[in-house]
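Before any comments, here is the structure.
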Amino acid sequence: MSLAATRLVGVGGLAYFPSFVSPTALLLLAIMLTLSVRRVDLAALDTPLLVLGLAQGATIAAPLAPVDAALGGALSRTLERRDFRGARDEVLHLAGGTKGPVRVLLVGLGKGGDRGAALRRAASLAARRAHGMGVGTMTWYAGPATPSELEHVAIGLGLGPWEYTDLKTPPPAEERRAPLTAATIHVDDMAGAEQALASAAAIGAGYDVARRLAMMPGNVCTPDHMADVARDIARRHGLEVTVMGRRELESLRMGSFLSVAQGTPQDPRMIVLEYKGAPPAVKPIALVGKGLCFDSGGISIKPAAGMEFMKFDMCGGAGVLGAMEAIARLKLPINVVGVVGATTNMPSGNALKPGDVVQAASGKYIEIINTDAEGRLVLADLLDYVKRYQPSAIVDAATLTGACVVALGHIATGVFGNDQALVAEVLAAGERAAERGWQMPVWDDYRDSIKSDVADIKNTGGRSAGAITAAKFLQDFVDTTPWVHLDIAGTAYSESDLVAIPKGPTGVPVGMFVEFARGRVR
Ligand code: BES
Ligand code: MN
Ligand code: ZN
């Protein structure tokens with residue numbers, strides 16, 4: 001039975017020429033991973049690679065008997081000998097027999113815990129291996145799966161082989177390996193399977209938008225480029241888009257955002273995308289993202305070591321654009337406004353200096369202590385701006401503080417908020433998306449450390465509780481709208497290969513945003 005082949009953006013990418021950006025280069029014409037789903041039939045399977053996801057201590061289930069037979073019993077012997085035990089991230093490669101699959105890859109799902117998250121992680125690992133092997137196509141089977149678990153598998157298969165190759169000269173033909181272009185998922189029950197695959201493709205496309213923008217160097221992913229991608233999303237899905245520059249920000253009196261942008265020759269961009277899936281009377285949710293295409297620290301300049309990673313300082317903004325792409329593809333019956341503040345933080349003769357006082361759009365005066373605490377300055381004006389949409393909830397995402405990385409590492413996003421029900425809603429959305437968050441307090445006692453001698457507030461509160469005082473700063477510009485702040489400094493990208501998190505951009509918080517939006521539908 002052949003079934004819906006759904007396209008999931010994942011592998012490779014369109015050739016991109018940084019100095020001659022043609023509008024068509026903005027399209028998501030990456031080499032696509034075609035995903036399909038079919039009722040399990042592993043007999044006489046001729047696939048170059050069969051991947052079996054096995055939980056810890058699992059035995060050979062009935063549908064696997066023909067595979068075991070084709071391998072002359074190698075599968076059951078391997079498990080009996082305990083050469084493969086199904087631990088999380090465990091991988092074992094077996095050569096196939098004279099018939100049946102050419103190769104078999106066993107991938108461990110671990111024991112207990114969230115099966116959806118385990119499946120996503122294992123599928124991602126397997127697809128990454130398959131892409132590296134150059135097998136071109138693969139088949140996946142991991143036993144019975146609910147539609148939600150199937151969605152996790154499909155998203156994982158798309159995330160795993162992702163890479164950004166636009167700026168690499170391809171190797172000579174004889175050294176090239178075939179990219180992974182197709183994967184077939186075998187399931188025991190087809191009910192809801194096609195729908196799950198379609199949703200996975202939509203979410204996968206959202207992750208792809210975010211990771212691609214994130215991985216682009218700062219001289220390619222400029223504020224203008226982010227605006228172009230937003231326009232492209234708007235055009236393809238019929239969203240409303242507004243892009244504002246220095247002049248418009250001046251008329252909006254966004255002295256806080258503009259103070260960050262005053263040291264850079266590039267025009268800052270405030271990008272507003274409006275998705276209207278519900279009647280106009282329905283209050284929208286607002287997604288707000290920090291889009292620092294590069295953060296040098298400005299006059300409070302950062303040390304040279306690792307400064308290149310500050311091209312990732314736009315991951316909050318990329319997450320908003322990725323979420324808008326996914327939400328539009330999912331055609332969710334809700335209203336969403338996505339706002340991105342894109343600029344770069346640079347030192348120059350015109351740059352903002354420590355000691356300066358600037359006035360935010362809300363009217364509040366801000367004393368600048370450290371020009372490297374720039375993300376909160378951009379967000380202050382965006383958070384004030386979205387009030388005009390009277391949103392039912394505001395969720396912002398920002399690679400805001402190194403302190404958050406110290407507190408939670410690369411495993412959990414810092415979650416802060418002024419409304420416990422909304423915090424719980426966002427944390428639950430993260431669980432469903434296999435993007436973990438952990439709540440941090442925003443008690444008013446922390447507000448004291450950002451009191452200024454000369455202005456209403458100062459932009460840093462010293463070393464202690466740096467992630468929290470940053471959130472307290474933002475809270476001053478939100479007022480009473482239910483609001484959650486996501487500090488994704490540790491989770492949006494990885495500086496090294498961390499088994500399940502390959503080096504580079506993760507796509508966080510696209511999943512959390514999308515699940516939050518989906519949760520508002522039900
Ligand atoms: N973009 C950085 C935060 C960051 C640090 C993100 C490391 C990812 C990894 C932010 O703009 C920043 O520089 N924050 C300062 C704030 C400080 C000056 C109060 C920081 O965290 O050091
Ligand atoms: Mn900074
Ligand atoms: Zn920054």
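Each residue of region 95-104 in turn: what ³J(HN,Hα) in whole Hz from Karplus with 6.51, -1.76, 1.60 and θ = phi - 60°, glycine and Pro shown as x?
6, x, x, 6, 10, x, x, 5, 9, 10
Mind pulling up the Rg/Rh value for the chain? Radius of gyration and Kirkwood radius, both on Cα.
Numbers: Rg = 23.8 Å, Rh = 23.7 Å.
Rounded to two decimals, Rg over Rh is 1.00.
Which three lengths, in whole Å and largest first, does region 339-394 cover when its Cα atoms are put on their principal axes?
40, 22, 15
For region 3-201, with only Lys/Arg (+1) and Asp/Glu (-1) charged at the beta-carbon, what is the dipole magnitude about the Cα centre, in debye rounded to 20? Please list the in-between numbers first.
Numbers: 19 positive and 17 negative charges, 71 e Å.
The dipole magnitude comes to about 340 debye.
I need the calculated FRET efficiency for the pair Lys451 and Arg522, taking r as the beta carbon distance and R₀ as 41 Å, to the nearest 0.05. Please report the intermediate quantities before stating the final value.
On the way: r = 43 Å, r/R0 = 1.04.
My answer for the efficiency is 0.45.
Give me the compactness ratio for region 3-201, meaning the Cα radius of gyration over 2.2 N^0.38 Å.
Numbers: Rg = 17.4 Å, N = 199, 2.2 N^0.38 = 16.4 Å.
Cα Rg divided by the expected 2.2 N^0.38 Å: 1.06.
What is the mean projected area of the alpha carbon convex hull for region 178-247, to one decimal in square nanometres?
Values: hull surface 30.3 nm².
Computed as one quarter of the Cα hull surface, the answer is 7.6 nm².
Using modelled amide H (1.01 Å from N, peptide plane; none on Pro or chain starts), what sits under 5 Å from the amide H of Ser494, excluding residues fewer than 5 places away?
Counting only residues 5 or more places away or on other chains, the set is Gly504, Thr506.
Kindly put His131, His225, His237 in sequence by how many other C-beta atoms sit within 10 Å of each C-beta, fewest to most. Before the final figure, lay out the partial values.
Working: His131 24, His225 21, His237 15.
Taking fewest neighbouring Cβ atoms as first place, the list is His237, His225, His131.
Using +1 at the Cβ of each Lys and Arg and -1 at the Cβ of each Asp and Glu in the chain, identify which of Asn418, Val378, Val510 lies farthest towards the dipole's positive end.
Val510
Using just the helices of the chain, give the 222 nm mean residue ellipticity in deg cm²/dmol: DSSP H runs with n ≥ 4 each add -39,500 (n - 2.57), and the total is spread over all residues, rounded to 500.
Values: 14 runs with 163 residues, N = 522.
So the helix-based figure for the chain works out to -9500 deg cm²/dmol.
Pop out the Kirkwood hydrodynamic radius of region 185-313 from its pairwise C-alpha distances, inverse of mean 1/r, in Å to one decimal.
Evaluated over region 185-313, this radius sits at 17.5 Å.
Roughly how large, in nm² to one decimal, is the mean projection of the convex hull of the alpha-carbon atoms in region 261-312? Before the final figure, lay out each step's value.
Working: hull surface 22.0 nm².
Value for region 261-312: 5.5 nm².
Taking θ as phi - 60°, what are the ³J(HN,Hα) couplings along region 151-162 by the Karplus curve (6.51, -1.76, 1.60), each to the nearest whole Hz, with x for Gly and Pro?
With coefficients 6.51, -1.76 and 1.60, one gets 4, 4, 4, 5, 5, x, 4, x, 6, x, x, 4 Hz.
Relative contact order of the chain, please, whole-number percent, based on alpha carbon pairs below 8 angstrom and at least 6 residues apart.
Relative contact order of the chain: 14 percent.
Expressed as an acute angle from 0 to 90° and rounded to the nearest 10, what is the orientation of the C-alpha long axis of helix 315-330 relative to the principal long axis of the chain?
Around 60 degrees separate the two axes.
Let me know the charge dipole size of region 74-191 about its Cα centre in debye, to the nearest 20, where only the beta-carbon of Lys, Arg (+1) and Asp, Glu (-1) is charged.
Numbers: 16 positive and 13 negative charges, 84 e Å.
About 400 debye.
Can you pull out the trypsin sites (Lys or Arg not before Pro) in region 350-404 whose DSSP state is coil and whose Cβ has at most 13 other Cβ atoms within 10 Å?
Details: sites: Lys364, Arg376, Lys387, Arg388; in loops: Lys364.
In loop regions of region 350-404 (DSSP not H, G, I, E or B), there are no sparsely surrounded trypsin sites (Lys or Arg not before Pro).
Between region 110-154 and region 472-492, what is the C-alpha centre distance in whole Å?
33
Read-outs: derived from the displayed coordinates by stated rules, not from any lab. Everything numeric in this text was worked out from a predicted model, so none of it was measured. Every residue, glycine among them, receives a Cβ derived from its backbone with ideal geometry; neighbour counts consider all protein chains shown.
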